[in-house]
Amino acid sequence: MSNLKHHSAGVMRAKMIRALAFVFVLGMLAGCVSKIKERPLRITTISHPAKPAPTAVKADDETTSGTANTGEMRPANPMGLGEGARLLVGREFDPIYFDSDSTELDSEARRKLNEYVTWLKEPEHGHVWIALVGYCDSGQAVKFGYNLAMARALAAEEFLVANGLDRKRIYSIGYGRATDEPTANRVELLGFVGPDGKSEPDQVPAGPEEMKEE
Amino acid sequence: MIRRLHVSLRPIAAMTFFCLMMALASAQDAQPTASASPTSGSGAVPRLEIYGSGAQRQLITIYVKPFMAKSAQKLSDPVLDRVINKDLLLSGIFQPPANIGFAQENDRADAARGTIQFAEWVRIGVYYLVTAEYTIEGNGIQADVRVYDTASQQYIYGNSYKQYPIDQVRRLGHDIANDIIQRITGSAGVNGTQILFVAQGDSMGRSKQVAIMDADGFNVRTLTAAGELAATPCWGLNGTEIYFTTYRDYNPDLAGMLLRNRYQWRLSGQSGLNISPAWSEAARRIALVMTRDGNSEIYTIDSRGNGRERLTVNRAIDSSPAWSPDGSQIAFTSDRSGSPQIYVMDLRTREERRLTYDGNYNDGAAWSPDGKYIAFHSRRDGEFQVCTIRPDGSGMRVLTEGEDPSWAPNSLLIAFSSKRNGNSQIYSMYGDGTAIHQLTNINGGAQSPSWGPGRAK
């Protein structure tokens, strides 16, 4: 707990690449648009109130027991690369849809995923990462819905992996209830071009730590 | 003008009589004191049962006379009256007189005679009468409160509430209301406690912020940044921390926050879901859902994110954990039988048993702090209904349309979200599904309430 990191090298690099990718896209657009005002790419902004000393985290350690989870890592989420890295992919993927209450891939979903996995496995697309973003409709309870949405993304992930896509190129997220019914029961597939043509995301910390500053 | 004479043979009589006897028993030492702080009752053990003996529960009629200013300086609006009357209403135990005009008439008559005409109050069905005066001195406010039983014409409770800063006049009102409720019913009031919830952004729709409010719906503040997606907040260690899920790093990570200064830390950032936290003060651990091992499973971690333990091993979705108050069991949702149902796991033996069989979509278990009931929501004809069941699986009741029930610390009230008036908002109700009151009015909607522990006095 004492060695809290604010940024990992991977996130820093991802941010740089994201910025570069955005500049690249801007360059391409420059011919037809006279001036595009640059704006931050991140969807979220984080504002922290005055931060106390990190000792606050350790103020009461009596519940700490068992294995420490500090130091655990997870793959960086390609969605952190931003819109620029998405545009570089050069194609969009239609969402796949589910029946209410279901996490089963129907034949249409399988057909789409088969097409995507073929495309993703082509050597010239080896640097494309895929985020699978699962949603559900408001017929689901809020709590259970997050799990159902995630289970849909994981079902798609398993299908892609079973058909030969390297799991390291896939990142699944459950977003719970979508607001845009009736197409809410879906998994969106978002492609991102990895930095430096890398075929898998860097690792970032997954264990407990101080929240990252913007 | 005909006034119906309400004699004490009404169904409420037995309960009122019992309460009266309890109150009388303690009336001897309940004379107004010069104590600096209000007297608090004998603890949180409720004497009331949310489901009585089966007869229709009757509300106790109480009337709070307008607060009189003894000092030259006066409150610019009757905030004390408003706070106390709302608290009494939200308690689900009390109601104002059916005809407020009669009460005001009695008020004027009492004032003219200089004494309380108890018979007149009994005549209009008022069982308890509260009189109060306040004094403003500098930045402080003091109140003297007396509660009378109209039938016996007895003074049953009184107190002098001193040393309240004028900017905490609402807290003064809550303390007075709590003491009135405690003295008359034996059950702790929950006024002054707080409720966490998720406030949804309006226009773009994607923003979901953790917010907090007083249990009467006042003082709504957001705790997390606008534009960020947050979910499933719960109360944590000693009521000084909260735990919630945030998507700020594009993954649903579990975060902790110190309420005192909003300092945040990450509790768990495993790939996939880190969601639906539930804190047990008894076990001193957080139960939550993670998908790190391939699908939704229940785990526990400590309040600093360490010592992870996996509880469920199942190919189905296991979600929505809720602790028993003694920390020995966890209720959770699983669709292992084909549809979401609630199960209970004994943490010592790891044995799991199915709790719900009625309905084909049950989720969102919440164990009452006294351990007697588990509230949950059940999808019926496409609509969610708040239900209660005993932890042994008996006595299931469908209460009212709504979702995500959360018990008040007195085990009598339930906060929940409901779409009954349009978009989802937070409501409170008595545990039997009556006395439903809307607490929030958030433009984009509000959901996932979590009722905080009792306030330390």
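The values are calculated or read from the model by the stated rules, or taken from the named source; none is laboratory data. Just so you know, these numbers come straight off a predicted model, no measurement behind them. No Cβ is skipped: glycine too gets one built from the backbone with ideal geometry, and neighbour counts run over all protein chains shown.
Give me the residue from the stretch B:285-321 that is at the interface with another protein chain (Cβ under 10 Å from one of its Cβ atoms) and among the hydroxyl-bearing types (Ser, Thr, Tyr) and, out of that set, surrounded by the fewest Cβ atoms within 10 Å (Cβ to Cβ). Selected residue: B:Thr300. In summary, A:Asp166 fulfils each of the numbered conditions (1) more than 24 Å from B:Asp335 (Cα to Cα); (2) in contact with a helix residue (DSSP H, G or I) (Cβ under 6 Å, 6 or more places away or on another chain); (3) not basic (Lys, Arg) with the single exception of condition (2). Specify the residue that is nearest to B:Gly236 (Cα to Cα); the eligible residues are those in the stretch B:270-281 that are at the interface with chain A (Cβ under 7 Å from one of its Cβ atoms) and surrounded by 24 or more Cβ atoms within 10 Å (Cβ to Cβ). Checking each candidate, the answer is B:Ser276. Scanning the stretch A:130-165 for residues that are more than 10 Å from every other protein chain (Cβ to nearest Cβ) and either in a loop (DSSP other than H, G, I, E, B) or over 10 Å from A:Asn185 (Cβ atoms) (or both) returns A:Ile130, A:Leu132, A:Asp137, A:Ala156, A:Phe159, A:Leu160, A:Val161, A:Ala162, A:Asn163, A:Gly164, A:Leu165.
Of the residues in the stretch B:129-152, not one is aliphatic (A, V, I, L, M) and more than 28 Å from B:Val190 (Cβ to Cβ). For the stretch B:377-385, the condition holds for no residue, the condition being that it is closer than 20 Å to B:Gly452 by Cβ and hydroxyl-bearing (Ser, Thr, Tyr). The lone criterion from (1) without any contact (Cβ under 8 Å) to a residue 60 or more places away in the chain; (2) touching a Gly at 6+ places or on another chain (Cβ under 7 Å); (3) not acidic (Asp, Glu) left unmet by B:Gln163 is number (1). Given the structure, is B:Ala188 modelled with pLDDT under 95, crowded, with 23+ Cβ neighbours inside 10 Å and either part of a loop (DSSP other than H, G, I, E, B) or among the charged types (D, E, K, R) (or both)? In short, yes. Output the number of residues of the stretch B:249-267 satisfying the condition of being more than 8 Å from chain A (Cβ to nearest Cβ) and closer than 21 Å to B:Gln447 by Cα. Total meeting the criteria: 5.
For the stretch A:191-214, the set of residues classified as farther than 30 Å from A:Asn69 by Cα and surrounded by fewer than 22 Cβ atoms within 10 Å (Cβ to Cβ) consists of A:Asp196, A:Gly197, listed by residue number.
Residues of the stretch B:142-178 that are farther than 20 Å from B:Gly452 by Cβ and in contact with a Pro (Cβ under 7 Å, 6 or more places away or on another chain): B:Asp144, B:Gly158, B:Asn159, B:Ser160, B:Tyr161. Kindly check whether there is at least one residue in the stretch B:385-401 that is over 20 Å from B:Lys419 (Cβ atoms) and basic (Lys, Arg). Yes: the stretch B:385-401 contains one or more residues that are over 20 Å from B:Lys419 (Cβ atoms) and basic (Lys, Arg). A:Thr118 fulfils the conditions (1) assigned to a helix (DSSP H, G or I); (2) within 12 Å of another protein chain (Cβ to nearest Cβ) except for a single criterion, (2). Of the residues making up the stretch B:227-248, those that are within 9 Å of chain A (Cβ to nearest Cβ) and closer than 18 Å to B:Ser207 by Cα are B:Gly227, B:Glu228, B:Leu229, B:Ala231, B:Thr232, B:Thr245, B:Thr246, B:Tyr247, B:Arg248. Among the criteria (1) at pLDDT below 90; (2) part of a strand (DSSP E or B), the one A:Ile173 does not fulfil is (1).
Candidates are the residues of the stretch B:355-398 that are without any contact (Cβ under 8 Å) to a residue 24 or more places away in the chain and in contact with a Leu (Cβ under 9 Å, 6 or more places away or on another chain); the one that is nearest to the other protein chains (Cβ to nearest Cβ) is B:Gln385. B:Asp326 meets each of the listed conditions (1) assigned to a loop (DSSP other than H, G, I, E, B); (2) within 10 Å of chain A (Cβ to nearest Cβ); (3) out of contact with any strand residue (DSSP E or B) (no Cβ under 6 Å at 6 or more places or on another chain) apart from (2).
Restricting to the stretch B:61-112, and then to whatever is among the hydroxyl-bearing types (Ser, Thr, Tyr) and either buried (at least 18 other Cβ atoms within 10 Å of the Cβ) or out of contact with any strand residue (DSSP E or B) (no Cβ under 8 Å at 6 or more places or on another chain) (or both), can you tell me which residue is farthest from B:Leu412 (Cα to Cα)? Step through it out loud before you land on a result.
Restricting attention to the stretch B:61-112, the residues satisfying the condition of being among the hydroxyl-bearing types (Ser, Thr, Tyr) are B:61, B:63, B:71, B:76, B:91.
Subsequent filtering for residues that are either buried (at least 18 other Cβ atoms within 10 Å of the Cβ) or out of contact with any strand residue (DSSP E or B) (no Cβ under 8 Å at 6 or more places or on another chain) (or both) retains B:61, B:63, B:76, B:91.
Details: B:Thr61: 18, B:Tyr63: 22, B:Ser76: 34, B:Ser91: 8 Å.
Ranking the qualifying residues of the stretch B:61-112, first place goes to B:Ser76.
Scanning the stretch B:277-292 for residues that are in a loop (DSSP other than H, G, I, E, B) and of a type in the set (Gly, Ala, Ser) turns up B:Ala282, B:Ala283.
Which one is farthest from A:Gly174 (Cα to Cα) among residues in the stretch A:104-133 that are β-branched (Val, Ile, Thr) and in contact with a strand residue (DSSP E or B) (Cβ under 9 Å, 6 or more places away or on another chain)? Show your work before the answer.
Let us first name the residues in the stretch A:104-133 that are β-branched (Val, Ile, Thr), namely A:117-118, A:128, A:130, A:133.
This time we only want the ones that are in contact with a strand residue (DSSP E or B) (Cβ under 9 Å, 6 or more places away or on another chain), so: A:128, A:130, A:133.
Details: A:Val128: 21, A:Ile130: 14, A:Val133: 6 Å.
Result: A:Val128.
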